[in-house]
Structures are given as C-alpha cells and as structure tokens.
Amino acid sequence: MSTNRVVCALGVFLVWVAAPVSADIYTNADGFGVAPYVTFDEFGLGPKNGTEWQAWGVTFSAFDMKTDGNDGYPGIDGPNLLAYADPKLRIDFDEPMTAFAMAWITNPGTTTFTAYLGGSVVEQAALATDYDDANICYSVFENITFDAIEGTIDAAFLSFRIDNLQVPEPGALLPLMLGLATVVGCRRRAA
C-alpha cells in the first residue's frame, strides 16, 4: 500500500473518530464545567454592537444590545449581555465548534436554538427557558459541529441575558481539523 493511501486512510479515520455523530442540546445548572471563555466583564457597561469580542473569535448579533450589571439571576454574575425587544440572538464563531455553553435567561417561555455550519442548519431544538430556575440556566450544545448558534425567544416579553460563555479547549478540535486537512490534501492529489 502506498504512503499516500495510508495517510489518506489515517485522515478519514481521524474525521470518523473526531466528528460528532449526534447532537446533545439541553439545559443544566453549570454548562459543561470549563472556565468561561467570555464573561462580558471584558468591556465597560453600556451599548454594544456585538463585534467587541472579535479578538476572542466570537461576535453577537441582536437589536439593542448592551452590557448590564444586573446579576440577580442564576448563572449571571456581574456584567452580562442584555438585549431588549428582539426575539433573536445570533452568535457567530470564527472557527467551527463542537461544544458550547452559556447562561441564557429569558422571561418564562420557550427558546428555539438553531445550530448552523456554513449557513446550513445542522440541528434545532426548543427548550423551556426562564429567569429564576437555577437548574436550567445553562444551554449546552455538545457532539455537534457548528459555526453559529441562534436563539429565538417565544415569550410574552422579548428580552434575554447571556453570560459566561464556555467553549472547549482549542486542542479538542485538533483531531477533526487534522483529519479534514488530510482528506482535502488527498483529494487534491488525486485530482
């Protein structure tokens, strides 16, 4: 067997092992147990356009966003991102993610979370959301590859707060990225 075929087979194996096979979208009290990546303490309180966190590889899109110091809610500690009068928040990542968690509170209702990869819907799930139940303050996405998350609120009063975004360590994506790069390289050589 040629060296090229062995390398290509290794690439396919890495993609197979590292690629998520089914999505887990759920709520709990603490995310998935890693230190927050974005805490919203990074910039002062006041209006935000969502691009302030580009250096962290993440941007936010919603109408009338601001960082706010009101932290009397489960999962919200200190400054957080607050949006009024908009039923939708979109979070875009510079790189594909395989897991993500955030404190997400709304008025009592349902939030539909949609995960995207390259503009296509990967997964969608509707979850009960609230502002005072410590058991459901974190929305968690695992075992799925995505580059954007959108949360759409169905509640009587349209506002939400998010805080303490958690993402996996960068090394967690290494096998998937190496496998994909290897497969792409093999396909180019074959062409």
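Residues that are modelled with pLDDT of 85 or more: find the strands (runs of 3 or more DSSP E) completely inside the stretch 17-66 holding 2 or more of those. Of the strands (runs of 3 or more DSSP E) lying wholly inside the stretch 17-66, those with at least 2 residues that are modelled with pLDDT of 85 or more span 46-48, 58-61.
Being in contact with a helix residue (DSSP H, G or I) (Cβ under 9 Å, 6 or more places away or on another chain) and surrounded by fewer than 12 Cβ atoms within 10 Å (Cβ to Cβ): is that true of residue 95 here? Yes. Just checking, does the stretch 131-144 include any residue being more than 22 Å from residue 39 (Cβ to Cβ), at pLDDT 70 or above and touching a strand residue (DSSP E or B) at 6+ places or on another chain (Cβ under 7 Å)? Looking for residues that are more than 22 Å from residue 39 (Cβ to Cβ), at pLDDT 70 or above and touching a strand residue (DSSP E or B) at 6+ places or on another chain (Cβ under 7 Å), one finds at least one in the stretch 131-144, hence yes. When the stretch 126-147 is filtered for residues that are closer than 19 Å to residue 96 by Cβ and either touching a Ser or Thr at 6+ places or on another chain (Cβ under 8 Å) or crowded, with 20+ Cβ neighbours inside 10 Å (or both), the ones remaining, listed by number, are 139, 140, 141, 142, 143, 144, 145, 146.
For the stretch 112-125, a tally of residues being of a type in the set (A, V, I, L, M), within 14 Å of residue 90 (Cα to Cα) and surrounded by 15 or more Cβ atoms within 10 Å (Cβ to Cβ) returns 2. Within the stretch 148-160, can you find the residues that are buried (at least 19 other Cβ atoms within 10 Å of the Cβ) and either aromatic (Phe, Trp, Tyr) or modelled with pLDDT under 85 (or both)? Residue satisfying the conditions is 160 alone.
The values are calculated or read from the model by the stated rules, or taken from the named source; none is laboratory data. These numbers come from a predicted model, not from an experiment. Every residue, glycine among them, receives a Cβ derived from its backbone with ideal geometry; neighbour counts consider all protein chains shown.
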